[in-house]
1. Could you list, in sequence order, the residues of the range 149-205 that are under 19 Å from HIS289 (Cα atoms) and of a type in the set (Asp, Glu)?
2. Tally the residues that are farther than 20 Å from VAL273 by Cβ and touching a Phe, Trp or Tyr at 6+ places or on another chain (Cβ under 9 Å), restricting the search to the range 165-198.
3. Restricting to the range 34-65, what's the tally of residues that are touching a residue at least 12 places away in the same chain (Cβ under 8 Å), within 30 Å of the chain's Cα centre (by Cα) and crowded, with 17+ Cβ neighbours inside 10 Å?
4. Could you please find all residues in the range 133-175 being under 30 Å from the mean Cα position of the chain (by Cα), part of a helix (DSSP H, G or I) and not aliphatic (A, V, I, L, M)?
Amino acid sequence: MQEYLHELHVLRQLSKHTLKAYGMDLSDLQNFALEDGVDLLKVSNAHVRRWAGRLHSQEKSSRSIARALSAWRGWYEWLTEKDARRGAGAAKVASHLVANPVDDVKAPKRLKSLPKALSVEQALALVNQAVKEAEEKKDDESIRDAAIIDLLYSSGLRLSELLGIDAMQSKERQYESAGWFDWDAGEVTVLGKGGKRRSVPVGAPAMKSLLAWRAVRDAKSYDEKSQALFLSASGKRLSPRTVQARLRSLAIRAGLPTHVHPHMMRHSFASHVLQSSQDLRAVQEMLGHASIASTQIYTSLDFQHLAQAYDKAHPRAKAGKD
């Protein structure tokens, strides 16, 4: 096993962290074989399944079990290849191995982690904080940030979609807008994944913030080539890192107890609209998901919301807690 790990280090140049994890996994294999009185070269598929179950009973994550099975499988493959290199005249270490005992053994499926979304109260607190700062400070960046936060929560855009929006649609030989605003209709067209465009409605409060920013933007003598809606102080299209940093600091000032990033606003939009409308297809279209399966994960978030409401309101739930 040490020889195998050495080859992984030299030939495949695996990191020290990975090698250490593989070493622990191979130690587990050795210990399981010792506990059950089984020669490592006579391990069967049934043994491996039993030991994988043991790892699960030890509350190892599906990711850790998958890694252990990979380490075990790789070691048995290496033994077989090593024998082949030695030739027929040499004593075969893995002569008892008919097949790799780890083949066809799969780790338990990973549970899909639910997307992190703000509560309705937290989302409103964040948006209200942005609008309040814009009204009080009246500086360009605060007005711009309020428009960005309002739009993220109002329309559930991805960060790349938001930053690709131009103030007006442009279609020329050398340049074509990825996204643009229809100010009269109150909707935004964006370029999503797979090069698919979609139009999403923008709520009246968000339109108010956006119009305030457009007035500031248009009053500036930016370079005529700066067609982006959201610009930096230097007149260039805003960078993702700037939006992430501004949103993070704004969330802190709003007193939110969690790290907030732009995609969390998208999750919050989807969850809150679904809670109110129960219209999965509409949410799918607004998010631009090709498959409704991608949208259905928000029904789990909605169920969590219902479960919390039940625990707070139902007499029997309250009695159980008492």
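1. Those that are under 19 Å from HIS289 (Cα atoms) and of a type in the set (Asp, Glu): GLU161, GLU187.
2. Going through the range 165-198 one residue at a time, the tally reaches 6.
3. The qualifying residues number 3.
4. Hits for the range 133-175 are GLU133, GLU141, SER142, ARG144, ASP145, ASP150, TYR153, SER154, SER155, SER160, GLU161.
Read the figures in this text as sums done on the coordinates, not as results from a lab. Every value quoted in this text rests on a predicted model; they were computed, and no experiment measured them. When we count neighbours, we look across all protein chains shown, and the Cβ atoms used for this are built from the backbone with ideal geometry, even at glycine.
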